[in-house]
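Below is one structure, written out as structure tokens; the observations come after it.
The values are calculated or read from the model by the stated rules, or taken from the named source; none is laboratory data. Since the structure is predicted, the reported quantities are computational estimates derived from the model, not experimental observations. Counting neighbours? That spans all protein chains shown, and the Cβs are built from the backbone with ideal geometry, glycine included.
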Amino acid sequence: MTGKTRFSYVHLLKAYAHDAGKDPKYSVTLLIPKTDTATKAQIDAAIAAAVADGKANKWNGVVPPVIATPVWDGDGVRPSGEPFGEECHGCYVVTASTKQRPGIVDVNVQPIIDENEVYSGMYGRATVRFFAYASNGKKGIGCGLNNVQKLGDGDALGGHTSAAADFGEAPQYSAPAPAPQYNAPAPQNYNYAAPAPA
């Protein structure tokens with residue numbers, strides 16, 4: 001179980017496929033503060049155990065020279081070479097996913113019903129598990145997501161703002177000036193004399 005962490009790329013309510021053709025999953029990116037040394041120690045120990053299991057049961061007794069893991073340094077760069085976003089600075093970045101919808105509870109361990117309460121930028125804790133895999137020629141360590149507990153709100157990530165933030169207080173409008181009144185033109189009397197009979 002992690003300590004208090006910030007959630008990013010939240011797909012906890014509906015399964016999502018990052019790449020076309022892949023199975024949709026429930027997933028989240030955990031931004032774990034580097035000051036949380038207790039959680040990092042648990043992660044390191046869990047990865048070491050997963051590597052030992054991989055050697056014994058997945059990798060034919062051989063540990064790969066470079067083991068892919070779902071843990072990155074938020075002050076470094078993404079696997080693509082692009083820098084992490086500002087929200088990742090000072091954090092370890094961990095991606096976790098599952099095919100089964102995770103349990104989502106509030107600070108009182110009550111299920112969260114309102115979907116608006118679950119979003120990228122909120123703070124909470126998560127239970128995860130690390131496991132070895134060998135698939136399509138790739139070997140590494142994955143991170144499975146179990147359950148999530150929301151502990152508090154935070155600024156939403158992803159560029160989405162609330163209507164309240166966009167509009168703020170209602171502006172004070174003065175009443176429009178009344179439209180000018182125009183006098184109707186005086187009626188014209190068009191009397192034409194009938195032509196004289198031929």
Original post:
Given Val71, Val63, which one is among the hydrophobic types (A, V, I, L, M, F, W, C), touching a helix residue (DSSP H, G or I) at 6+ places or on another chain (Cβ under 7 Å) and more than 13 Å from Cys143 (Cβ to Cβ)?
Top reply: Val63
**OP:** Just name the residue that is farthest from Gln100 (Cα to Cα) out of those in segment 24-50 that are of a type in the set (Ser, Thr, Tyr) and part of a strand (DSSP E or B).
**Re:** Thr29
Original post:
Of the numbered conditions (1) within 23 Å of the chain's Cα centre (by Cα); (2) in a loop (DSSP other than H, G, I, E, B), Trp72 satisfies every one except a single condition; which is it?
Top reply: (2)
Original post:
Would you say Ile141 is in contact with a helix residue (DSSP H, G or I) (Cβ under 6 Å, 6 or more places away or on another chain) and either at pLDDT 95 or above or of a type in the set (Phe, Trp, Tyr) (or both)?
Top reply: yes
**OP:** Could you please tell me which pairs satisfy a Cβ distance under 7 Å, a separation of 6+ or placement on different chains, a first residue in segment 63-77 that is farther than 17 Å from Phe131 by Cα, and a second residue that is at pLDDT 90 or above and among the β-branched types (Val, Ile, Thr)?
**Re:** Gly74/Val93
**OP:** Run down Val51, Val94 and say which single residue is crowded, with 19+ Cβ neighbours inside 10 Å, out of contact with any Ser or Thr (no Cβ under 8 Å at 6 or more places or on another chain) and in contact (Cβ under 8 Å) with a residue 24 or more places away in the chain.
**Re:** Val51
Subject >> Condition met for Thr2 (more than 13 Å from the chain's Cα centre (by Cα), part of a helix (DSSP H, G or I) and either buried (at least 16 other Cβ atoms within 10 Å of the Cβ) or in contact (Cβ under 8 Å) with a residue 40 or more places away in the chain (or both)) >> reply: no
Original post:
With respect to the numbered conditions (1) crowded, with 16+ Cβ neighbours inside 10 Å; (2) within 17 Å of Val28 (Cα to Cα), which one is the sole condition not fulfilled by Ala132?
Top reply: (2)
Subject >> Test set (1) part of a strand (DSSP E or B); (2) surrounded by 13 or more Cβ atoms within 10 Å (Cβ to Cβ) - Pro64 fails condition number >> reply: (1)
Original post:
Among the residues of segment 76-98, which ones are at pLDDT below 95, of a type outside the set (Asp, Glu) and either within 21 Å of Pro24 (Cα to Cα) or in a loop (DSSP other than H, G, I, E, B) (or both)?
Top reply: Gly76, Arg78, Pro79, Ser80, Gly81, Phe84, Gly85
Original post:
Are any residues in segment 129-144 within 26 Å of the chain's Cα centre (by Cα) and either without any contact (Cβ under 8 Å) to a residue 12 or more places away in the chain or over 15 Å from Pro64 (Cα atoms) (or both), and if so, which ones?
Top reply: Arg129, Phe130, Cys143, Gly144
